[in-house]
Amino acid sequence: MANTFIRIQKADFDLTTEITNLRKADLQVGAVVSFLGTVRDMNEGSQVKAMTLEHYPGMTEKALQEIIDQAKSRWDIRKTLVIHRVGPLLPADQIVLVAVTSAHRGEAFSACEFIMDYLKTAAPFWKKEETPEGGRWVDARVTDEAAMDRWKNA
C-alpha cells in the first residue's frame, strides 16, 4: 500500500526527517501523531547495559502490515510509518517510531496508540537484555497485554 511505510533496520533514524517526509506534499494532513520508543537503563529492577532485538525477516513485516491494515479499517488515516530497529542497542538509543497522519487529531491519536499496542504484543520481535545478573529474554508485560485487549472490544 503506497501510504504505508515499514522499515526494519539496524541503523538509527532522524525523527524530524522521518516526520517531515511522511507529511510532505499532502495538504489534507491536519494532524501528525508519533510515538518514539527508546531503550531504558532500568527494567524490572535491574540495570540494562544493552539490549539486542531480533526478528524474523518477512514474517515481521507481514505482521506489521496486518496491524496497520487493521488501524486503517478503524480510523480515517492517510499515511503510516513504522520503523523498528534490530541488533544491539544501548540505553537511550531509539528503538521504534510509529507515526500516523490524518485530517484530524482524534483518528491519528487512536491509530498510533493502536498500532503501538499491537506492535508490542503481536509483532514477532524478540528482546534480550544484558544486565549485571546476565542476559535475559524479555516478554510482553501484563500492561502491554491489557492495552491490546481493550482494542478487541472497541
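Tallying residues that are outside any loop (DSSP other than H, G, I, E, B), touching an Asp or Glu at 6+ places or on another chain (Cβ under 8 Å), within 12 Å of Leu53 (Cβ to Cβ) and at pLDDT 95 or above within the stretch 92-134 yields 1. Considering the conditions (1) part of a strand (DSSP E or B); (2) out of contact with any Phe, Trp or Tyr (no Cβ under 7 Å at 6 or more places or on another chain); (3) modelled with pLDDT of 95 or more, Ile83 is excluded by exactly one of them, (2). Only a single criterion out of (1) closer than 18 Å to Leu89 by Cα; (2) in a loop (DSSP other than H, G, I, E, B) is not satisfied by Arg7, namely (2).
Could we say that Ser46 is among the polar types (S, T, N, Q) and either more than 20 Å from Ile6 (Cβ to Cβ) or in contact with a strand residue (DSSP E or B) (Cβ under 6 Å, 6 or more places away or on another chain) (or both) here? Yes. Restricting the stretch 135-154 to residues that are surrounded by 13 or more Cβ atoms within 10 Å (Cβ to Cβ) and either modelled with pLDDT of 90 or more or over 13 Å from the mean Cα position of the chain (by Cα) (or both), the residue that is farthest from Gln70 (Cα to Cα) is Arg136. The one condition from (1) within 25 Å of Asp93 (Cβ to Cβ); (2) acidic (Asp, Glu); (3) at pLDDT 95 or above that Asp69 does not meet is (1). Does Gly106 satisfy being surrounded by fewer than 17 Cβ atoms within 10 Å (Cβ to Cβ), of a type in the set (Gly, Ala, Ser) and over 21 Å from Leu22 (Cβ atoms)? So Gly106 fails the test.
The values are calculated or read from the model by the stated rules, or taken from the named source; none is laboratory data. Source: prediction; values computed, not measured. Because the Cβ atoms are built from the backbone with ideal geometry, glycine has one as well, and the counts that use them run over all protein chains shown.
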